[in-house]
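Structure, as structure tokens:
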């Protein structure tokens, strides 16, 4: 993820402005909405994440700025097929159990983005076919998983790293698989403004 934004920074900003989404959920949601709709998903995603947040709160502008950065970076990484795409998660200084919870939240957000899309028959059919059906099934499993606090820390860390890598590749594969649904008019658009007024 871009060095200008971190999971914890965005998470704190979302909490301060009263959003009900956390940073991992927010990025998962964005990643799947970009896969289905492309750049046009931006404004709706912004509104969905900030729904219920206090519009008069001074911290909202900071939150909007961070979300704008997250949108622009994520859209560029997916649309330009950049290998640096990765789920937005806590850094390695947090415990494996905290990072595992965030990993589950990222998958929750991603799956929510798929099911909350206006699913035409063609999209429903594609999501029911491999490899997307397997990706969805795996993400559902990850949402139910947690790190074993009594288990071996090294084993938990290895499993966590493998899951992050799997999700990184799966999200990029899903983006490729769903290209036809974004349509030919969905060329890269100008960056999302850092704030919406």
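The values are calculated or read from the model by the stated rules, or taken from the named source; none is laboratory data. Just so we're clear, the structure is a prediction, and the values are computed from it rather than from any experiment. So basically every Cβ, Gly included, is an ideal-geometry build from the backbone, and we count neighbours across all protein chains shown.
Worth pointing out:
- Of the candidates 163, 89, 119, the single residue that is within 18 Å of residue 35 (Cβ to Cβ) and surrounded by 12 or more Cβ atoms within 10 Å (Cβ to Cβ) is 119.
- If only residues of the range 15-26 that are at pLDDT below 95 and buried (at least 17 other Cβ atoms within 10 Å of the Cβ) are counted, the one that is nearest to residue 168 (Cα to Cα) is 19.
- Scanning the range 91-115 for residues that are more than 24 Å from residue 156 (Cβ to Cβ) and without any contact (Cβ under 8 Å) to a residue 40 or more places away in the chain gives a single hit, 115.
- Only listed residue being in a loop (DSSP other than H, G, I, E, B), out of contact with any strand residue (DSSP E or B) (no Cβ under 6 Å at 6 or more places or on another chain) and touching a residue at least 24 places away in the same chain (Cβ under 8 Å), chosen from 52, 28, 42: 52
- Single residue of 98, 136 found to be modelled with pLDDT of 95 or more, assigned to a helix (DSSP H, G or I) and under 26 Å from residue 50 (Cα atoms): 136
- When residue 68 is tested against (1) touching a helix residue (DSSP H, G or I) at 6+ places or on another chain (Cβ under 9 Å); (2) closer than 24 Å to residue 144 by Cα, exactly one condition is not met: (2).
- Looking across the range 145-186, the residues that are outside any helix (DSSP H, G or I) and modelled with pLDDT under 90 come down to 145, 146, 147, 148, 149, 150, 151, 152, 183, 184, 185, 186.
- Every test in (1) surrounded by 17 or more Cβ atoms within 10 Å (Cβ to Cβ); (2) closer than 15 Å to residue 113 by Cβ is passed by residue 43 save one, and that test is (1).
- Among the numbered conditions (1) under 30 Å from residue 161 (Cβ atoms); (2) free of Cβ contacts under 8 Å to residues at least 60 places away in the same chain; (3) assigned to a helix (DSSP H, G or I); (4) over 13 Å from the mean Cα position of the chain (by Cα), the only one that residue 62 does not meet is (1).
- Boolean, residue 35 is surrounded by 18 or more Cβ atoms within 10 Å (Cβ to Cβ), in contact (Cβ under 8 Å) with a residue 24 or more places away in the chain, touching a helix residue (DSSP H, G or I) at 6+ places or on another chain (Cβ under 7 Å) and under 19 Å from residue 178 (Cβ atoms): yes
- Residues (surrounded by 12 or more Cβ atoms within 10 Å (Cβ to Cβ) and more than 19 Å from residue 129 (Cβ to Cβ)) located in the range 167-183: 167, 168
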